[in-house]
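Presented below is the structure to which this report refers.
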Amino acid sequence: MKVRLSCNCRSAIAWACLAFSGGSLAAESPAPVQINVVAINDLHGYMEPNPEDYPSAQGVTRLTYGGIATLGAMLDELRKQDPELLFIGAGDLIGGSPATSALWADEPVLEALNSMGMIVSSSGNHELDAGKAEFLRQIHGGCESTRPEKACKFRGTFPGSGFPYIASNLIDTTTGKRLLPAYHIQEVKGVKIAFVGAVPRNMEKVVSARAFTGLKATDEAHAINEVIPELKAKGVNAIIAVMHQGGHTSEPFDKQDCSQLDGAIVNVAKRLDPAVDAVISGHSHASYQCKVGDLSITQAGKYGHFMTQLKLEVTPGTHNVKTITARNLPVDPQAYVPNAKLTSLLEEVRHRSGEKLLEPIGRIATAELNRKVNAAGETTLGNFVTDAQLAMTQAFQTQIAFLNLGGLRSDLIQPANSDLTYEQLFAVQPFDNPLVVQELTGKQIIELLNLQWNRGNFNPLQVSKGFHYEWDGSRPAGSRVVEESVRLDGKRVEPSTYYRVVSNLFLADGGGGLTTLKEGRQRQDAGISDVEALVAYVRQNHARGVAIGQSGEPRISMTP
């Protein structure tokens, strides 16, 4: 039975008339449009392809992915399919960069991203490596910098990033307001897409205290949820959280709707307002396309190795995202013709940087020193770098060197027929972090070692030769280090005796939650940075004909 009404009716009654006459409102609703969002995260200034080991059917395969010329070529191809795709970042696009970018205050990589048409990025933690004033300069432009030896040296001027950075939970404590806008709204194909940014809430543990001065980070989910009403009032049609926070999964990078995601991002995702349609994540250097409940959560690895593509079916006139599909695309230089403009930029950077980058430093006595952590917590590269820091600060009578794993950014591979270059050594420690000497008691050293589990998982400090300790994983966190096993040059470390310790400034200021390092006495700047110590160590020993880098006695032991 059909119901007919006369449509000589007005206002609200007219809508009822439309619903019952000649068709329904649903029939006249606008058709969904497809929105393509393409994202990268944790580029860290890597402008060239770089190798990484990935699981494969054969075990582990080393693949060389990434590079701005390939990223640009992929975007060119994707824009042939959709000229209006939205290219975004999820933080740490700069900072912790190889020398090709770091020598120029990361200005070349920001120029490259702007050339690729990036529309917005969330801040990460490494964007703040040089402090908030320098980060704001990198966004807005100018040459007044805390790094005058690097800023504006590439072009003579710097116009800024060319795209905004966002973070809903990064607060300037001087003003009490957000340092950056909370969100960015992009209108495309007749719809409004809102991107809401967030940084890790534990920023004070992943940025040096000096660089984070005047800032604080609040809870990610709370800050994102706080701006949802404002976005709804502006009539957005889709909301994407762009968070520099992440997780891990054992599932392959291309596993569709992976379900085993774990880590900080999961807790945040579960507390997000249901109005959030998808999460693009970063920080953990993982590659996944997962779901937590019905919420899509993606991450595109690190160093430009992958690019995440989200396809959203968005309905104009309402906040109604019908479907979301995600896939991680390998940035394989063998699969694309490089973008000519970005190839030219890279060639210019390498030419301008060449004399410094290719400077020969010396050789090591092994083919490779890497960041692979053994069961006890040691890495061959960490052992080498701590030995360098200890050796190059002997003028301060240092006895022990400590290093955080996050301070190591690249493996060290000895060329077969030539010396290591400055570029290779800089890639290992690109932060150019000052070394700090101080005195800690044996009791404080044990306290420090027990803090390695303070973030819920094991974040092992790397230690210099002559120092040894054992830990027992069956003990509760806070007391896992076997006190009587802590030894220096074979002698037990005494609780009340002071020992001369060297570490980078990030650690010395309590970075990574290792607050005991802030309690040392007679603190001194060693007058040398971590990368300078590494370069000097290799150069001096090579000149003397001393073989360095060979395996020695284990420094850390684990109770079976």
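The values are calculated or read from the model by the stated rules, or taken from the named source; none is laboratory data. Please read all numbers here as calculations on a predicted model, not as lab measurements. When we count neighbours, we look across all protein chains shown, and the Cβ atoms used for this are built from the backbone with ideal geometry, even at glycine. What goes into the accessible areas is simple: the full protein's heavy atoms, side chains included, and nothing from ligands, DNA or RNA. Shrake-Rupley method; radii C 1.70, N 1.55, O 1.52, S 1.80 Å.
Given the peptides 389-396, 378-385, 334-341, arrange them by the average over their residues of other C-beta atoms within 10 Å, most packed first.
Per-residue mean Cβ counts within 10 Å order the peptides as 378-385, 389-396, 334-341.
If you average 1/r over all unlike Cα pairs in the stretch 41-98 and invert the result, what Kirkwood radius do you get in angstrom? Each step should come with its number before you reach the end.
Details: mean 1/r = 0.0757 Å⁻¹.
Final number for the Kirkwood radius of the stretch 41-98 is 13.2 Å.
For A526, what is the net charge nearby, where nearby means another residue's Cβ is under 12 Å from its Cβ and Lys, Arg count +1, Asp, Glu -1?
With Lys, Arg at +1 and Asp, Glu at -1, the net is -1.
For the stretch 441-457, what does the Karplus curve 6.51 cos²θ - 1.76 cosθ + 1.60, with θ = phi - 60°, yield as ³J(HN,Hα) per residue in whole Hz, taken in order and with x for Gly and Pro?
Couplings: 6, x, 4, 5, 4, 5, 4, 4, 5, 6, 6, 5, 9, 6, 10, x, 9 Hz.
May I ask you to derive the FRET efficiency for T323 and E348 from their Cβ-Cβ distance with R0 = 41 Å, giving the value to the nearest 0.05?
Calculated transfer efficiency: 0.45.
Once you compute Rg and the Kirkwood Rh from C-alpha atoms, what is the Rg to Rh ratio for the stretch 198-290?
Ratio of gyration radius to Kirkwood radius for the stretch 198-290: 1.01.
Return the loop-located trypsin sites (Lys or Arg not before Pro) in the stretch 367-428 (DSSP other than H, G, I, E, B) with at most 15 other Cβ atoms within 10 Å of their own Cβ; answer none if there are none.
K372
Near R62, within a Cβ-to-Cβ distance under 12 Å, what is the net charge of the other residues, with Lys and Arg +1 and Asp and Glu -1?
-4
Which ³J(HN,Hα) values, rounded to whole Hz and listed in residue order, are derived for the stretch 363-374 from phi using the Karplus coefficients 6.51, -1.76 and 1.60 in 6.51 cos²θ - 1.76 cosθ + 1.60 with θ = phi - 60°, glycine and proline given as x?
10, 10, 9, 8, 6, 7, 10, 10, 9, 5, 8, 7
Pairs of alpha-carbon atoms within less than 8 angstrom and 6+ residues apart define the contacts here; what relative contact order does the chain have, in percent?
Numbers: 1277 pairs, mean separation 79.9, N = 560.
Computed value for the chain: 14 percent relative contact order.
Per-residue counts of other Cβ atoms within 10 Å, averaged by peptide: what ranking do you get for 83-91, 261-269, highest first?
The peptides rank, most packed first, as 83-91, 261-269.
Relative contact order (percent) for the stretch 156-258, with alpha-carbon contacts under 8 angstrom and 6 or more residues of separation?
Details: 153 pairs, mean separation 29.6, N = 103.
Answer for the stretch 156-258 is 29 percent.
Dividing the alpha-carbon Rg of the chain by 2.2 N^0.38 Å yields what?
Working it through for the chain, the quotient is 1.07.
5 Å is the cut-off here: which amide hydrogens, built 1.01 Å from N in the peptide plane, fall below it relative to D432, excluding neighbours closer than 5 in sequence?
V531
Rounded, prolate or oblate for the stretch 251-340? Axes are the square roots of the Cα gyration tensor eigenvalues, ordered a ≥ b ≥ c, and the cut-off for rounded is a/c under 1.5.
Oblate shape, in that a/c is at least 1.5 and b/c is the bigger or equal ratio.
Which whole-Hz couplings ³J(HN,Hα) result when phi for each residue of the stretch 296-306 is put into the Karplus expression 6.51 cos²θ - 1.76 cosθ + 1.60, θ = phi - 60°, listed in order with x for Gly and Pro?
6, 10, 10, 7, 10, x, 8, 6, x, 6, 9
For the chain, what does the helix formula give at 222 nm: sum of -39500 (n - 2.57) over DSSP H segments with n ≥ 4, over the residue count, nearest 500 deg cm²/dmol?
Only helices count here, giving -7000 deg cm²/dmol.
Cα-Cα over 25 Å: which of K205/K255; K177/K205; K80/K192; K302/K372; K216/K255; K80/K311? Could you put the intermediate results ahead of the total?
Values: K205/K255 32 Å; K177/K205 21 Å; K80/K192 22 Å; K302/K372 17 Å; K216/K255 36 Å; K80/K311 15 Å.
From K205/K255; K177/K205; K80/K192; K302/K372; K216/K255; K80/K311, over 25 Å: K205/K255; K216/K255.
Report, by chain and number, residues whose modeled amide H sits under 5 Å from the one on G301, excluding near sequence neighbours (fewer than 5 apart, same chain).
When sequence neighbours closer than 5 places are left aside, the close amide H contacts are A286, S287, Y288.
Sorting L231, L358 by accessible area (1.4 Å probe), largest first, what list results? It would help to have the intermediate numbers written out before the result.
Values: L231 0, L358 100 Å².
From most exposed to least exposed: L358, L231.
Determine Rg/Rh for the stretch 289-379; Rg is computed over alpha-carbon atoms and Rh is the Kirkwood hydrodynamic estimate from the same atoms.
1.16
Using modelled backbone amide H atoms (1.01 Å from N, in-plane), which distant-in-sequence or interchain residues come within less than 5 Å of T441's amide H?
Result for T441 returns Y499.
Probe radius 1.4 Å, ligands and nucleic acids ignored: give me the carbon and sulfur share of the accessible area of the chain as a rounded percent. Write down the numbers at each step before the final one.
On the way: 12060 of 23770 Å².
Answer for the chain is 51 percent, counting heavy atoms of protein chains only.
Among all the lysines, which ones have a C-alpha under 21 Å from K153's C-alpha, if same-chain residues fewer than 8 places away are not counted?
K132, K341, K356
Can you tell me the order of 114-125, 206-217 when each peptide is scored by its average per-residue count of other Cβ atoms within 10 angstrom, highest first?
Peptide ranking by packing, descending: 114-125, 206-217.
Could you give the distance between the Cα centres of the stretch 513-560 and the stretch 27-88, to the whole Å?
If you average the Cα positions of each part, the centres end up 38 Å apart.
At 1.4 Å probe radius, can you tell me the per residue accessible area of the stretch 433-554 in Å²?
For the stretch 433-554, the per-residue accessible area is 45 Å².
Relative contact order for the stretch 232-388: what percent, with Cα pairs under 8 Å and sequence separation of 6 or more?
On the way: 237 pairs, mean separation 27.7, N = 157.
Result for the stretch 232-388 is 18 percent.
Summing +1 for each Lys or Arg and -1 for each Asp or Glu, what net charge is found among the other residues whose Cβ lies under 12 Å from the Cβ of T421? Write out the running numbers ahead of the final one.
On the way: positive: K356, R363, R539; negative: E355, E359, D419, E423.
Spelling it out: positives minus negatives among the neighbours equals -1.
Compute the long axis of helix 340-357 from its Cα atoms, compare it with the longest principal axis of the Cα atoms of the chain, and write down the angle in degrees, 0 to 90, nearest 10.
That works out to roughly 20 degrees.
Could you tell me which of rounded, prolate or oblate describes the stretch 348-401, using a ≥ b ≥ c as the square roots of the eigenvalues of the alpha-carbon gyration tensor, with rounded for a/c under 1.5 and, failing that, prolate when a/b is larger than b/c and oblate otherwise?
oblate
Round to the nearest 10 and give me the degree value, 0 to 90, for the angle of helix 11-20's Cα axis relative to the longest principal axis of the chain.
For 11-20 against the chain, the angle is about 80 degrees.
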